1. So how much accessible area does ASP122 have, in Å² to the nearest 10, using a 1.4 Å probe?
2. Quote to one decimal, in nm, the extra length available between LEU112 and ASN133 on full extension: 0.36 nm per residue of separation minus the C-alpha distance between them.
3. Quick one: which residues, 5+ away or cross-chain, put their amide H under 5 Å from the amide H of ASN158? H built at 1.01 Å from N.
4. Considering only protein heavy atoms, with the full assembly of protein chains and a 1.4 angstrom probe, order TYR34, TYR123 by accessible area, largest first.
5. Report the accessible area of GLU66, computed with a 1.4 Å probe over the heavy atoms of all protein chains in place, in Å² rounded to the nearest 10.
6. Mind putting a number on the dipole of the range 30-167 about its Cα centre? Charges go on the C-beta only, +1 for Lys and Arg and -1 for Asp and Glu, and I need it in Debye to the nearest 20.
7. Which residue, VAL166, ALA45, ILE114, has the largest displacement toward the positive end of the dipole of the range 30-167 when charges sit on each Cβ (Lys, Arg +1; Asp, Glu -1)?
8. In whole percent, how big is the carbon plus sulfur part of the accessible area of the range 30-167, probe 1.4 Å, protein atoms only?
Amino acid sequence: MAMLTVLLLLSAAFALGDAISSGNRLCPRGWTQYGSRCFMFVKTARTWPEAEASCLLSTEICISLEANLASVHSSEEAQFLQGVVFSETGEFTPTWIGGMEAFGGLVGKGRLWIWSDGSKFDYQNWNQEEPNNNGGREQCIVMNFGGEQGWNDLECGNVLPSVCVVETFD
Ligand code: BGC
Ligand code: CA
């Protein structure tokens with residue numbers, strides 16, 4: 001009996017913890033929450049700039065949400081996003097995320113990668129040998145690329161599905 005009480009208390013505490021840690025903040029309908037952000041897979045294949053524009057002004061949901069293509073900040077979050085794509089397409093479909101090379105690659109030394117949502121580029125999940133700037137014009141980041149299903153730099157004019165992100169709201 002004591003054991004049962006402990007279990008009940010523990011599960012109540014976890015339930016409460018969940019409610020508190022998510023801060024009761026919300027995602028728009030059809031978006032999936034991860035941490036303090038909401039993600040949506042967009043099936044329609046678009047170029048990277050068109051996909052970014054469609055996150056900002058989502059024709060899918062008919063309102064201006066000011067979302068962006070998704071930034072990714074940890075391997076857990078990268079795996080969560082792969083799960084979102086898999087649950088929508090049944091495969092690890094190559095999908096645009098919000099990484100792009102700043103200044104058209106004209107930085108001089110090395111390459112400067114940025115996220116379109118303005119967050120810090122503090123995590124990367126490149127495939128082996130990437131980013132290789134194949135052909136010299138690969139300035140956008142695709143997830144779920146090739147056998148490794150990590151990131152690749154790819155020409156931004158390729159048409160692919162995408163994932164948008166927006167902060168949760170009260
Ligand atoms: C290469 C990638 C490249 C892509 C371009 C692949 O075979 O591994 O680095 O971005 O081709 O289509
Ligand atoms: Ca590449």
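The values are calculated or read from the model by the stated rules, or taken from the named source; none is laboratory data. Keep in mind the model is a prediction, meaning the values are calculated, not measured. As a convention, Cβ positions derive from the backbone with ideal geometry for all residues, glycine included, and neighbour counts pool all protein chains shown. With ligands, DNA and RNA removed, areas are computed over all heavy atoms of the protein, side chains included. Shrake-Rupley method; radii C 1.70, N 1.55, O 1.52, S 1.80 Å.
1. Looks like 90 Å² after rounding.
2. Gain on extension, LEU112 to ASN133, equals 6.3 nm.
3. Amide H neighbours of ASN158: TRP48.
4. Output order, biggest surface exposure first: TYR34, TYR123.
5. 140 Å²
6. Roughly 180 debye, rounded to the nearest 20.
7. ILE114
8. Heavy-atom surface of the range 30-167 belonging to carbon and sulfur, 1.4 Å probe: 52 percent.
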